[in-house]
1. Taking amide hydrogens as modeled 1.01 Å from N in the peptide plane, which residues meet the under 5 Å criterion relative to Asp137, leaving out close sequence neighbours?
2. Can you give the FRET efficiency for Asp253 and Arg172, using 1/(1 + (r/R0)^6), R0 = 22 Å, r = Cβ-Cβ distance, to the nearest 0.05?
3. Search the structure for amide H atoms under 5 Å from the amide H of Val18, placed 1.01 Å from N in the peptide plane, and list their residues when 5 or more places away or on another chain.
4. Given the options Ile252, Ile210, Asn9, identify the residue whose Cα lies farthest towards the positive end of the charge dipole of the chain (+1 on Cβ of Lys, Arg; -1 on Cβ of Asp, Glu).
5. Where nothing but the Cβ of Lys and Arg (+1) and of Asp and Glu (-1) is charged, how large is the charge dipole of the chain around its Cα centre, in debye to the nearest 20?
6. So what is the accessible area of the chain per residue, in Å², with the probe set to 1.4 Å?
7. At 1.4 Å probe size, with the rest of the protein present, what percent of the exposed accessible area of the stretch 35-97 is carbon and sulfur atoms?
8. Within the stretch 87-103, whose backbone N sits under 13 Å from a point 7 Å along Cα→Cβ of Glu118?
Amino acid sequence: MGFAILNGNIIDRSEAKVDVEDRGYQFGDGVYEVIRVYNGKMFTGAEHLERFGKSSDSIGISLPYRTEELLALLEELIEKNNLQLGIIYMQLTRGVSPRNHAFPIEKVAPVLTAYTKEFARPDESMKKGVPAILTEDIRWLRCDIKSLNLLGNLLAKQKAAEAGCFEAIQHRGENVTEGSSSNIYIVKNGVVITHESNNLILKGITKDVILELCLENNIPVEERTFTLEELANADEVFLSSTTSEVMPIVEIDDKKVTEGQPGPVTKKLQKLFQLEIENQCGKLK
Ligand SMILES: Cc1ncc(COP(=O)(O)O)c(C=O)c1O
C-alpha cells in the first residue's frame, strides 16, 4: 500500500484517515491535482502546484505550504513509494468542522492528503485512437476551479463508459466545452482549435504544454469557442490530459473521424509531447 501524505507528514497509507466531518468528504469543499510521474520524476510539477494554489485561493482556502516545500514533500513521497511510472493524487479540503454550509467561523486547519499510484501510459489507445460520445455540459459555471465536486463530470464519464467509449465530449448548446476529464481539440486545415481558457473549462496543464509546442513548431492555433458543426466537420479531433497525454479521438457517437485513424497533426503533437516529457524526465522506455 505504501506511504501517503497527511498534513505535511509522510505516514503509512493505511493510517492516512480523515474525519467524517471533513468538509471535503461532506460537501466536496476542496480542490485537487493529479500530477504525472515518469522515471520517478514529476512532469510539470511546478505548474500543477501553481494551479493547485489558484484553485484553493479562489475558494478561500490558503495553501498551508510554500510551493518548494510541497514539491520537496511530493518528491520524498515518490521516493518512499519507489514510484517510477504513475501519478500523484493530491487534495486540500477546508478542514474538519461541525456540518454547516457556511464556512467555519473559527479558524480551521485545511486538510492536505496525497498518495501515489502506478499508472501505465495508454500506449495502445494513443496509437489507435479512442471513441467518444457527445453530451450536454450540465456543470456549474466555475469549471476553471479544480474542485472536488465532480458529479457533472462523473455523470458524463459514466454515460461514455456505458456506451463503451473513452470520453464524453461536453457541449453547452451548440458550443463544445471540454471532455469529462480532458480538454478537446479539433484540427481544421492544419489549424489546431481549442476552447479558450475561461470559466467554462479547466485550463489543462497538458493543454498549456501542447499550445506551447504548437507555438515553437509553427503549428497554427486558435483558442476560441467552436461549435458542434465544426466538430462534425473537423479533419482531426483529439483530447489531452495528464494521464491521456495527446489522445486521438477517432469516433464520435458512432461516426468515424479521420476515417477512424489518428490524423497527421495529432501524431506530430504526440511525438513533440513525448520529446517534452523526455526533456523534463529523461528517456522513456
Ligand atoms: C474537466 C477537465 N478538463 C481538463 C482536464 C485536463 O487537465 P490536465 O491536462 O491538467 O490534466 C482535466 C483533467 O483531469 C479535467 O478533469
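The values are calculated or read from the model by the stated rules, or taken from the named source; none is laboratory data. Keep in mind the model is a prediction, meaning the values are calculated, not measured. Virtual Cβ from ideal backbone geometry, glycine too; neighbours counted across all protein chains shown. We work out accessible area using only protein heavy atoms, side chains counted, and drop any ligands, DNA or RNA first. Shrake-Rupley method; radii C 1.70, N 1.55, O 1.52, S 1.80 Å.
1. Correct list: His171, Arg172, Gly173.
2. Numbers: r = 17 Å, r/R0 = 0.79.
According to the calculation, E is roughly 0.80.
3. Correct list: empty.
4. Asn9
5. Working: 33 positive and 43 negative charges, 70 e Å.
Dipole magnitude for the chain comes out near 340 debye.
6. Details: 14110 Å² over 285 residues.
Ligands and nucleic acids excluded, the figure is 50 Å² per residue.
7. Working: 1290 of 2670 Å².
With neighbouring chains kept in place, the figure for the stretch 35-97 is 48 percent.
8. Under 13 Å, as judged by backbone N against the label point of Glu118, lie 87 of the stretch 87-103.
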